[in-house]
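The values are calculated or read from the model by the stated rules, or taken from the named source; none is laboratory data. Keep in mind that what you see is a predicted model, and the values were worked out from it rather than measured. Reconstructed Cβ throughout: ideal geometry from the backbone, glycine too, with neighbour counts over all protein chains shown. To get the accessible areas, we keep the full protein, side chains included, count just its heavy atoms, and leave off ligands, DNA and RNA. Shrake-Rupley method; radii C 1.70, N 1.55, O 1.52, S 1.80 Å.
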Amino acid sequence: MLGHTAAFHRNPVAFLEEGYRAHGEVFRFLLAGKDFVVLAGPRAHEAYFRAAEDHLSAKDVYQFTIPIFGKGVAYDAPRDIMNEQLGFLFPALREKRMQTYARLMHEEASAYVSTWGDEGEVDLPHVTNDITVNIAARCLLGQEIRESFYDGFADLYEDLQLGINTIGFFAHWLPTPRHIKRDRARKKVSELISGILRERRRSGVERDDFMQTLMAARYKSGRALTDDEITGILLTTLFGGQHTSSVLAAWVGIELLQHPQYLPPILDEIDHFYGKGFGARTSEAMTTDTLRGQVTLERAIKECERLHPPLIMLIRKVMREFEYDGFVVNEGSMAMVAPALSHRLRSVFRDPHRYDPDRFAPPREEDKQTTYTLIGFGGGKHRCIGMAFAYMQLKAIWTVLLSNFEFELASAVPAPDYSGWVIGPQQPCKVRFKRRKA
Ligand code: HEM
């Protein structure tokens with residue numbers, strides 16, 4: 001019954017690497033009585049990501065999100081409806097909006113560090129969490145929630161986050177204390193968002209955020225979204241995007257501080273696009289174009305997507321026999337691709353355990369070998385819709401931090417914290433900062 005559960009929980013990545021060493025591209029293990037089959041490497045990823053939803057089902061795995069995202073939303077909706085619902089967000093991710101977010105991201109990151117003195121010590125994952133929460137509140141949920149975020153919404157968000165746990169993965173309906181708090185929080189969030197929607201409709205005020213986009217959206221049938229559907233889709237993006245961005249932002253800093261030889265070109269690039277002393281100036285200079293132009297910083301982020309993918313494994317339920325390369329995966333098993341394993345394969349990446357952002361620069365461009373080589377944002381039908389937003393946000397945050405301060409690690413290099421669904425560095429992870437001279 002327990003199978004490999006203990007070894008897996010101790011260190012899932014080491015466990016998967018051992019499985020790959022012993023058995024190769026395809027291997028299986030038992031976790032809490034369930035049969036899991038791992039498919040590693042770009043070729044296997046392609047077969048996995050191209051399989052139809054009624055063959056390898058994400059919906060059946062993500063049932064634990066239903067109490068948070070809501071009934072009839074995302075993984076509780078038939079796939080074509082879920083597609084339609086996520087499609088409603090596309091106008092919120094178009095260039096013109098992204099331009100606004102670039103400004104808001106700069107404003108939020110700058111406002112956060114404006115309270116810091118000339119030098120001091122902070123817990124880096126805590127900082128990146130706060131900044132990404134503020135950005136998500138502002139760009140996704142809207143100015144109204146951002147303004148009152150710390151007067152209640154933050155606690156509700158925490159109760160919802162704690163509602164995602166191991167017990168919930170297997171039985172989200174069990175009335176455990178955490179699940180009861182989760183359900184209460186969901187109800188309050190729904191009421192809060194309904195109030196804001198009512199007020200926006202009454203006043204006619206229109207804002208540049210995801211909420212406004214969803215208010216204007218219509219199903220193919222012509223029906224507008226209910227308040228609860230809007231709440232659910234907003235929570236889907238908040239849960240898809242905030243914690244993942246926060247932990248990746250922390251890893252970017254932790255790796256750069258351990259490998260300072262990669263910093264000068266990133267700083268030169270910041271000077272090139274924004275001029276020296278940018279940290280202290282207004283956000284007008286930060287645009288989607290300048291952020292896109294910061295390719296050296298982008299490579300440092302990409303290297304963290306490779307080495308520290310926040311979602312270390314993606315799981316699907318096998319709805320009918322799945323065949324790959326002569327192997328047969330039985331109906332009812334769980335099929336898995338693991339970015340944390342596949343990103344460290346010697347056959348795919350040169351010296352894979354080494355931090356080396358230049359692997360993404362021409363002519364090496366190791367990520368470009370196939371569409372399914374780098375999969376930190378998934379692939380195929382369920383590929384992340386927020387990838388461009390996430391990259392932009394990570395660049396904006398580190399541009400603001402690096403142009404204002406010099407940093408050094410003040411605690412030991414943290415190990416990954418495998419206790420959650422999204423994998424970040426163990427806390428605390430202290431860094432010392434010192435304000436740059438203008
Ligand atoms: C560093 C940040 C992020 C990472 C590492 C990340 C990673 C991923 C991955 C791996 C998937 C695929 C899951 C699967 O196949 O089971 C995914 C899906 C998704 N992501 Fe992201 N994501 C990030 C940021 C965002 C942001 C900022 C948003 C929204 C603005 C977002 C919204 C979503 C949504 C809605 C899905 C579900 C897509 C579907 O099932 O069709 N993510 N993300």
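Things worth noting here:
- FRET E, pair residue 79, residue 292, Förster distance 25 Å, beta-carbon r, rounded to 0.05: 0.20
- 5 angstrom amide H check on residue 417, placed H, neighbours 5+ away: 424, 426
- Portion, in percent, of the accessible area of segment 5-435 that falls on carbon or sulfur, probe 1.4 Å: 52
- The trypsin sites (Lys or Arg not before Pro) of segment 309-360 meeting both criteria, a DSSP state outside H, G, I, E and B (loop) and at most 16 other C-beta atoms within 10 angstrom of the site's C-beta, are 320, 346, 350, 354.
- For segment 1-42: rounded, prolate or oblate by the Cα gyration tensor [a/c cutoff 1.5]: oblate
- Per residue, the chain exposes 45 Å² of solvent-accessible protein surface, assessed with a 1.4 angstrom probe and all protein chains in place.
- Computed over segment 5-435: relative contact order in percent, which uses C-alpha pairs under 8 Å that are six or more apart: 26
- The chymotrypsin sites (Phe, Trp or Tyr not before Pro) found in segment 219-257 that occupy coil by DSSP, while having at most 14 further C-beta atoms within 10 Å, are 219.
- Residue of 203, 246, 419 that the Gaussian network model of the chain assigns the largest fluctuation, springs spanning Cα pairs under 10 Å: 203
- Hydrophobic, long helices, defined as DSSP H runs whose alpha-carbon span along the helix axis is 20 Å or greater and whose mean Kyte-Doolittle value is at least -0.5, occur in the chain at 227-258, 387-404.
- Taking 224, 58, 109 as the candidate residues, the one with maximal mean-square fluctuation in a Gaussian network model of the chain, Cα springs under 10 Å, is 224.
- Per-residue ellipticity at 222 nm computed for the chain from its helices equals -15000 deg cm²/dmol, with DSSP H segments shorter than 4 residues left out and the rest contributing -39,500 (n - 2.57).
- For trypsin sites (Lys or Arg not before Pro), the sites in segment 54-135 that DSSP calls loop and that have at most 15 other Cβ atoms within 10 Å are 71, 94.
- Exposed loop positions in the chain were taken to be GluC sites (Glu not before Pro) whose DSSP state is not H, G, I, E or B and which have at most 16 other beta-carbon atoms within 10 angstrom. Between these positions, the longest stretch is 1-205.
- Kirkwood-based Rg to Rh ratio, segment 150-259, C-alpha trace: 1.06
- Prolate/oblate/rounded call for segment 5-435, Cα gyration tensor, a/c under 1.5 rounded: oblate
- Segment 255-326 versus segment 1-49: alpha-carbon centroid distance in Å: 27
- Between residue 371 and residue 43, the modelled labels are 1.9 nm apart [label points 7 Å from Cα along Cα→Cβ].
- Pairwise centroid distance, computed over Cα atoms, of segment 336-410 with segment 137-186, Å: 29
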